[in-house]
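Asks: This is the structure I have questions about; it appears just below.
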Amino acid sequence: MQKRDLISINDFSKEDYLRVMELAADFEQNPNQELLKGKVVATLFFEPSTRTRLSFETAINRLGGRIIGFSDSSSSSVSKGESLHDTIRMVSNYADLIVMRHPLEGSARYASEVSSVPIINAGDGANQHPSQTLLDMYSIVKTQGRLDDINIFMVGDLKYGRTVHSLLMALSEFERPIFNFIAPPELAMPEEYKRFLENKGIRYFEHTEFSDIISEADIIYMTRVQKERFTDPIEYEKVKNIYILRNKMLKKTKPTMKILHPLPRVNEIHTDVDDNPKAYYFTQALNGVYTRQAIISHIMGLK
Amino acid sequence: MDKAKALQVSAIKDGTVIDHIPAERLFDVINILGLFNIQEMITFGTNMDSKLLGKKGIIKVANRFFKDAEIDKIALVAPHAKLNIIQNYEVIEKRVVEIPDEIVNIAKCFNPKCITNNENMKTRFTVISHNPIELKCRYCEKITYENQVVIR
């Protein structure tokens, strides 16, 4: 059997998405399944990401696998100047699966060419973070009961936010999605994604601030507007408070609407939203564990 | 051909003439074809007047005949290049270059944070548009546009 990797969200077809959703629901019902018993999984974090690493390591533990690896490249041979090629060659001799995070874009694809065992990309710089997209989709299907006919509002940094780009690509595989983008002009959705939607005949609307139109939303997907992204600090000061979601803004939204956020949050969702049943971001993070169990099982053919 | 022009670069008996190279890309073409380490006679000229390109370069290589795959590598820097295959001072065949679907280890990715610019490895691009040239990096998935193409 040819080894299967998960490097980019485009590596998965609609059938793969649906299978992962189905498996994630199964793991949510029954989280402890010893499908990785006797297997060794390497978690190689060339840059720290505590949240993603703990989520993957919880998933591996619940599957009964053993973990080797590092959480920061300063504690590995990388700090001695070892190439990515050599690190991956060595580790793929030891482990049955490699989960890796690396600051350079394309590093995971390259690792998949070098490695004899499957690679799961847990983030390669600003490029891809496919397990995040799959857990976002699982959160949508769990709360809305479907992936077709979703009206999603993406808010904040839509220019550099890799999570919104990947989610846009994935949801476009389903029937009749509607995208609403709320962002300052400096951080608007890039042309190439808008062109992609136009070519597929998918509807999208652009807004520069929140309005009553959010009453149509099934999902509001919040991202952080980072000060570093602005060339002009005055521009940042002008827009920084426009993209903060507050509890009082949610009055007219649908009762089934949910708010997602890839976390960490800074101030873009006011803490007064947290107790609203529409706030879903903390459960979304928990869904990540089930989704990662599902991804591992799917690509390794364990279930 | 008028006499003055004919004298600019001398004729070869057998070999290949590569014409219509953009003047500023002449040395890129020499590099890509590895001409700096062959033993045969090579003559080249640049900054010659061209109706098509403004200024053009030309290379004549004696006793060398290129395979299509080899010559298509120069398409990135000289998409309008034309080849004349010479035998006994006569042009026996004319060829144009074609941009291949995949470009391996010729161009650099424009993205400084791409793994290919930080690790000793080959670059690989899918050609997503021919005119103007747009190259999608197999690794970082970013697009390098024609005016950003740099030869490794």
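Each value in this text was obtained by applying a stated rule to the coordinates, not by laboratory testing. Owing to the predicted nature of the structure, the values given are computational and were not obtained by experimental measurement. Here the Cβ positions follow ideal geometry from the backbone for every residue, glycine too, while neighbour counts run over all protein chains shown.
Asks: Kindly put A:Met189, A:Met90 in sequence by how many other C-beta atoms sit within 10 Å of each C-beta, fewest to most. Show your work: numbers first, answer last.
Replies: Values: A:Met189 20, A:Met90 13.
Ascending Cβ contact count within 10 Å gives the list A:Met90, A:Met189.
Asks: Here is a further query. Find how much the distance from A:Thr50 to A:Glu206 grows on full extension, using 0.36 nm per residue of separation minus their present alpha carbon separation; answer in nm with one decimal. Walk me through the numbers on the way to the answer.
Replies: Details: separation 156, 0.36 × 156 = 56.16 nm, distance 3.39 nm.
Length difference between fully extended and current span is 52.8 nm.
Asks: Pop a pseudo-label 7 angstrom from the Cα along the beta-carbon direction at both B:Asn147 and A:Leu286 and give the gap in nm to one decimal.
Replies: Modelled inter-label distance: 5.3 nm.
Asks: Follow-up question, since we're still on this one. Could you tell me what % of all Cα pairs in chain B have separations over 26 Å?
Replies: Looking at chain B, the distances longer than 26 Å represent 30 percent of pairs.
Asks: Separate question: Report, in degrees rounded to the nearest 10, the 0 to 90 angle that the Cα long axis of helix A:281-299 makes with the longest principal axis of chain A.
Replies: Long axis of A:281-299 versus the principal axis of chain A: about 40 degrees.
Asks: In what sequence do A:His207, A:His102 fall when counting other Cβ within 10 Å, fewest first?
Replies: A:His207, A:His102
Asks: Charges only on Cβ, +1 for Lys and Arg, -1 for Asp and Glu: so what's the dipole of chain B about the Cα centre, in debye to the nearest 20?
Replies: Dipole size: approximately 260 debye.
Asks: Could you check the simple spin-label distance between A:Ser79 and B:Asn31, using points 7 Å along Cα→Cβ, in nm with one decimal?
Replies: Output for this residue pair reads 3.7 nm.
Asks: Over all Cα pairs of chain A, how is the pair count split among 10 Å bins, expressed in % and running from 0 up to the last occupied bin?
Replies: 6, 27, 33, 23, 9, 1
Asks: Something else about it: Which of A:Ser79, A:Ser131, A:Ser172 has the fewest other C-beta atoms within 10 Å, and how do the rest follow up to the most?
Replies: Neighbour counts put them in this order, fewest first: A:Ser79, A:Ser172, A:Ser131.
Asks: What pairs in A:Lys194/A:Lys278; B:Lys13/B:Lys94; B:Lys113/B:Lys136 have C-alpha atoms more than 19 Å from each other?
Replies: A:Lys194/A:Lys278
Asks: Which shape class, rounded, prolate or oblate, goes with region A:130-282 when its Cα gyration tensor gives a ≥ b ≥ c as root eigenvalues, a/c under 1.5 marks rounded, and past that a/b bigger than b/c marks prolate?
Replies: Cα axes put region A:130-282 in the oblate bin.
Asks: Here's a follow-up. Under the definition of Cα pairs under 8 Å and six or more residues apart, what whole-number percent is the relative contact order of chain B?
Replies: 21
Asks: Over chain A, what is the relative contact order in percent, taking alpha-carbon pairs closer than 8 angstrom and at least six residues apart? Display every interim value, and only then the final one.
Replies: Working: 548 pairs, mean separation 61.7, N = 303.
Taking the mean separation of contacting Cα pairs over the length of chain A, I get 20 percent.
Asks: Mind giving me the FRET efficiency for B:Asn118 and A:Leu18? R0 is 51 Å, r the Cβ-Cβ distance, nearest 0.05 is fine. Don't skip to the answer; put the middle values down first.
Replies: Numbers: r = 37 Å, r/R0 = 0.72.
Calculated transfer efficiency: 0.90.
Asks: Still on this structure, please answer the following. Over region A:37-88, what is the mean sequence separation of C-alpha contacts under 8 Å (at least six apart), divided by residue count, expressed as relative contact order in percent?
Replies: Relative contact order, region A:37-88: 43 percent.
Asks: Now for a different question. So what's the back-of-envelope 222 nm ellipticity for the protein assembly as shown, counting only DSSP H runs of four-plus at -39500 (n - 2.57) apiece and dividing by all residues, rounded to 500?
Replies: After summing the helix terms and dividing by residue count, I get -8000 deg cm²/dmol.
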